[in-house]
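Novice: Input: one structure, supplied below.
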Amino acid sequence: MATVLESVQNVAAGKAERLIDKHGRAITDLRISVTDRCNYKCVYCRTGNEGAVYAELLIADYLRMARVFVGLGIEKVRLTGGEPLLRRGLTDLIRELGKLRTLDGGALDLALTTNGHLLEEMAERLRDAGLSRITVSMDAVDAEKFVRITRVPGSYERVLRGVRAAKAAGLAPVKVNCVLLRGFNEDQIVEFARFSREEGVIVRFIEFMPLEEGRLWTLASVVSMKEIVEALGTFRPVVRMAPNAASETAVRYTFDDGVGEIGIIAPVTQSDHDLYGVMQRGGSDEDLEQFIRRTVEQKEARHHIGEPGFLKPSRSMVHIGG
C-alpha cells in the first residue's frame, strides 16, 4: 500500500494513486451493467415481468465512469446486464473502451457476459469492436430443461450456436456459467463436464445467490462446492488446478486426462452504491474519484450470505449486473 509520502510524490508527479481497499487488495476489475432488460425470463432470476425497471444511462455516461475508474488502476472491464447484447450502441461502447489505456500504458482487457441468444449473429462484430473474451450463461445442457429455465422456446439451440460462433470468432477462452439450484438443475453437473470436454469451453458453476426478483432464496437451495466436486468425481477423477491469479474467484479443476476445465465460484461481496447519483448532482470527475475511493475503503473482506443478520440487497442481480 502506498505511504503518505509516496501519495504526495505521485500527486506532484501527476500520477494517479491506484485503488486499494482496507485489506490491502488492489482493485483492478470493473463490471458495468449496460441494461437491466433481458430477452429471457429465467425462473431463478426474474418473476416474469417484462421490460426494464431502471433507466439506461447514455453511452457517454458509461464511458465517463470507465475513464475515471481506469485512471484509478482498473485494467479489466466486463460488460453485463440484464442482457447486454440488447443494448443499442454496445459495439460503439466497446470500441471507445478499447481506446483507453491502463496506468501502465496497456490496453484494457474487455469482456462481456451474455445469455448467448443473440451471440451467433454478433460474435464477429463484437470481436471487431475490440472485445477480448466472452462468458455465456447456460444453466442446463439439456434442451428441454433449458427451455423450462429460460421460458423461451428454441433457446438452447440458439445459445449453443452462439457459443460455437464465439469460439470461431476467437473470443477465447469462452466460459460458460451455470447457476446451480438444488432440486432444479444439479443433475446437470456431469453433463456440463462432458460439455466442457466436447465443446472446448471452460465451465464455471456458481452458487445460487439471494439476488433473484422473487426473493425465494434459502441456504438449503445452494449446491455446495463439496457436492459439485463429488458429483464430478463420479464422471472422472478430478484434479485441482493452480489459480491463475491471487484474486481469482473460481477454484479450478480439470480431469485426470487434462481435458476440460471446471471452475466453482462461491458468492462474493455485493455492494450497492449510487455513483450515477454523483454525476446527476453535477459532480466533477474528482468527485467521482473520491466517491469510488470511499466505497472501496468500506469493502468487506468477504460476503456474509447465510450468516445471522444478513440482509438481502435492495435490488436483484438482473438490475445490478448479473
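The values are calculated or read from the model by the stated rules, or taken from the named source; none is laboratory data. Source: prediction; values computed, not measured. Cβ sites come from the backbone with ideal geometry, for glycine too, and all protein chains shown count toward neighbours. For the accessible areas, the whole protein counts, side chains as well, though only heavy atoms, and no ligand, DNA or RNA atoms are used. Shrake-Rupley method; radii C 1.70, N 1.55, O 1.52, S 1.80 Å.
Novice: Does Arg64 satisfy the criteria of being more than 15 Å from the chain's Cα centre (by Cα), closer than 25 Å to Asp21 by Cα, open to solvent by 30 Å² or more (accessible area, probe 1.4 Å) and of a type in the set (D, E, K, R)?
Specialist: The answer is yes for Arg64.
Novice: Which of the following residues is at pLDDT below 85, more than 29 Å from Val43 (Cβ to Cβ) and among the acidic types (Asp, Glu): Glu300, Glu286?
Specialist: Of Glu300, Glu286, the one residue that is at pLDDT below 85, more than 29 Å from Val43 (Cβ to Cβ) and among the acidic types (Asp, Glu) is Glu300.
Novice: What number of residues within the stretch 220-242 are surrounded by 12 or more Cβ atoms within 10 Å (Cβ to Cβ) and either farther than 18 Å from Phe255 by Cβ or modelled with pLDDT under 70 (or both)?
Specialist: 4
Novice: A further question follows. Among the residues of the stretch 125-143, are any outside any strand (DSSP E or B), out of contact with any helix residue (DSSP H, G or I) (no Cβ under 6 Å at 6 or more places or on another chain) and farther than 26 Å from Leu93 by Cα?
Specialist: Within the stretch 125-143 (the criterion being outside any strand (DSSP E or B), out of contact with any helix residue (DSSP H, G or I) (no Cβ under 6 Å at 6 or more places or on another chain) and farther than 26 Å from Leu93 by Cα), the answer is yes, since at least one residue qualifies.
Novice: Return the total of residues in the stretch 164-194 being more than 17 Å from Gly233 (Cβ to Cβ), open to solvent by less than 30 Å² (accessible area, probe 1.4 Å) and in a helix (DSSP H, G or I).
Specialist: Result for the stretch 164-194: 3.
Novice: Only residues that are within 25 Å of Gly98 (Cβ to Cβ), open to solvent by 30 Å² or more (accessible area, probe 1.4 Å) and either modelled with pLDDT of 95 or more or under 18 Å from the mean Cα position of the chain (by Cα) (or both): list them for the stretch 36-60, please.
Specialist: Arg37, Leu58, Ile59, Ala60
Novice: Is there a residue in the stretch 101-113 that is open to solvent by 10 Å² or more (accessible area, probe 1.4 Å), free of Cβ contacts under 8 Å to residues at least 12 places away in the same chain, farther than 14 Å from Leu171 by Cα and basic (Lys, Arg)?
Specialist: No, there is no match, as no residue in the stretch 101-113 is open to solvent by 10 Å² or more (accessible area, probe 1.4 Å), free of Cβ contacts under 8 Å to residues at least 12 places away in the same chain, farther than 14 Å from Leu171 by Cα and basic (Lys, Arg).
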